[in-house]
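A short write-up of the structure that comes next.
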Amino acid sequence: MADGAEPVRLDVNVDAYVPADYVPYEQAKIEVHRRIASAAEVADLEALRTELEDRFGEVPAPVENLLSLQRARIRFGEAGARTVSFRGDRLAVVPIQLDSARARRLRERLPEAVYESGRSQVSLRVPSEDSERFPTVVRAADVLLAVMREAA
């Protein structure tokens, strides 16, 4: 990441692991987990994904989830967040600093998002169903970073 910060902590209840039938060697599984967790750039994850496909074949859903989770952590971090948490049915991302133009663009792309400048927080309602919650979180990370990178 640009400022060398660690990806944010993000706990989402989703099947995100390396299955034994995909990477049969325990040491290799541990190494794949380590490389995904230590990736600091989205490009590193894409390179790792390509390497996994070359070595082990098509990436199964739990590994895809692991890659997506790390990508979301990296993107939230690049947007300036340090904490991403769930409070009931809402996802809270802090600290986030948006000017009025970026806050408006965020609402246009994520109508369910609420920006509270006094708390430096973006929050949005997320589905209670884990299978729907995870894609919502990943999309929020992508949209937030895109908005942050745009000119004011």
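Give me the extension gain from residue 21 to residue 54: residue separation times 0.36 nm, minus the current Cα-Cα distance, reported in nm with one decimal.
That works out to 10.3 nm of additional length.
A simple rule links phi to the HN-Hα coupling: the Karplus curve 6.51 cos²θ - 1.76 cosθ + 1.60 with θ = phi - 60°, which for segment 107-123 gives 5, 5, 8, 10, x, 7, 7, 10, 9, 10, 5, x, 9, 6, 10, 10, 10 Hz, with x for Gly and Pro. When only the Cβ of Lys, Arg, Asp and Glu is charged (+1, +1, -1, -1), the dipole of the chain relative to its Cα centre reaches about 780 debye.
The residue list 100, 124, 63 was ranked by how far each Cα lies along the charge dipole of segment 58-152 toward its positive end, using unit charges on Cβ atoms, and 100 comes out on top. Under the shape rule built on the C-alpha gyration tensor, where the axes satisfy a ≥ b ≥ c, segment 9-55 is oblate, since a/c reaches at least 1.5 while a/b does not exceed b/c.
At 1.4 Å probe size, with every protein chain present, just tell me what the per residue accessible area of segment 32-152 comes to in Å². Could you put the intermediate results ahead of the total?
Working: 5920 Å² over 121 residues.
Result: 49 Å² of accessible area for each residue.
Considering only 115, 80, 23, the residue lying farthest towards the positive end of the dipole of the chain is 115, judged by Cα position with unit charges set on Cβ. Coupling constants for segment 133-147 follow from the phi torsions by the Karplus curve (6.51 cos²θ - 1.76 cosθ + 1.60, θ = phi - 60°), and in residue order they are 5, 4, x, 5, 5, 4, 5, 4, 4, 4, 5, 4, 5, 4, 5 Hz; glycine and proline get x.
How much of the accessible area of segment 61-140, in percent, comes from carbon and sulfur atoms when a 1.4 Å probe is used? Intermediate values should be presented prior to the final figure.
Working: 1750 of 3660 Å².
Using a 1.4 Å probe with all protein chains present, segment 61-140 comes out at 48 percent carbon and sulfur.
Altogether, the Stokes-Einstein calculation at 20 °C and 1.002 mPa s, with the Kirkwood radius of segment 1-106 over Cα pairs as Rh, returns a diffusion coefficient of 141 µm²/s.
The values are calculated or read from the model by the stated rules, or taken from the named source; none is laboratory data. Just so we're clear, the structure is a prediction, and the values are computed from it rather than from any experiment. Here the Cβ is made from the backbone with ideal geometry for all residues, glycine too, and neighbour counts use every protein chain on show. Protein only, heavy atoms only, side chains kept; ligands, DNA and RNA dropped before computing areas. Shrake-Rupley method; radii C 1.70, N 1.55, O 1.52, S 1.80 Å.
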